[in-house]
Amino acid sequence: MFADQKGVCKVCGNPETKIMNGRVAKLSVDHDHSCCPHHRSCGECVKSLLCGNCNAALGFAKDNPKILESLLKYAIETRTNELQSKQN
């Protein structure tokens, strides 16, 4: 999977940047939490590899597409408003 993803996060396309114990951490294994509700996967429910930031964002949103859509809408709206403010 790591090679298939070329060593980068499936969401943002960036390599992991988080440092743990003086080394760059490994990408996080995202899995179906309805199958394995804890931090570890059984191996059958693995989705992809994510960087720590994307994995945390997905986790905080509880893998809920409605929350993620609302978050995206909010980010776009506030970014647009921010850019318009700077132009005026």
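The values are calculated or read from the model by the stated rules, or taken from the named source; none is laboratory data. Keep in mind it's a predicted model, so treat the numbers as computed, not measured. Positions of Cβ are backbone-derived with ideal geometry, glycine not excepted, and every protein chain shown enters the neighbour counts.
Being surrounded by 15 or more Cβ atoms within 10 Å (Cβ to Cβ) and either part of a helix (DSSP H, G or I) or in contact with a helix residue (DSSP H, G or I) (Cβ under 7 Å, 6 or more places away or on another chain) (or both) is the filter here, so list the residues in the range 51-67 that pass it. So that I can check it myself, show each step before the final result.
Filtering the range 51-67 for residues surrounded by 15 or more Cβ atoms within 10 Å (Cβ to Cβ) gives 51-55, 57-58, 61.
Answer for the range 51-67, where residues must be surrounded by 15 or more Cβ atoms within 10 Å (Cβ to Cβ) and either part of a helix (DSSP H, G or I) or in contact with a helix residue (DSSP H, G or I) (Cβ under 7 Å, 6 or more places away or on another chain) (or both): 52, 53, 54, 55, 57, 58, 61.
Close Cβ contacts (under 7 Å, 6 or more residues apart or on different chains) running from residues in the range 44-58 that are within 12 Å of residue 27 (Cβ to Cβ) and of a type in the set (A, V, I, L, M) to residues that are modelled with pLDDT under 95 and loosely packed, with under 15 Cβ neighbours inside 10 Å comprise 49/1; 49/2. Restricting attention to the range 18-41, does a residue exist that is at pLDDT 95 or above, surrounded by 15 or more Cβ atoms within 10 Å (Cβ to Cβ), within 13 Å of the chain's Cα centre (by Cα) and not in a helix (DSSP H, G or I)? Yes; the residues of the range 18-41 include at least one that is at pLDDT 95 or above, surrounded by 15 or more Cβ atoms within 10 Å (Cβ to Cβ), within 13 Å of the chain's Cα centre (by Cα) and not in a helix (DSSP H, G or I).
On the given criteria, is residue 48 touching a His at 6+ places or on another chain (Cβ under 7 Å), surrounded by 15 or more Cβ atoms within 10 Å (Cβ to Cβ) and polar (S, T, N, Q)?
Numbers: touching a His at 6+ places or on another chain (Cβ under 7 Å): no; surrounded by 15 or more Cβ atoms within 10 Å (Cβ to Cβ): yes; polar (S, T, N, Q): yes.
When the stated conditions are applied, residue 48 does not pass them.
Of all the criteria given as (1) at positive phi; (2) touching a helix residue (DSSP H, G or I) at 6+ places or on another chain (Cβ under 6 Å); (3) not small (Gly, Ala, Ser), the one not satisfied by residue 9 is (1).
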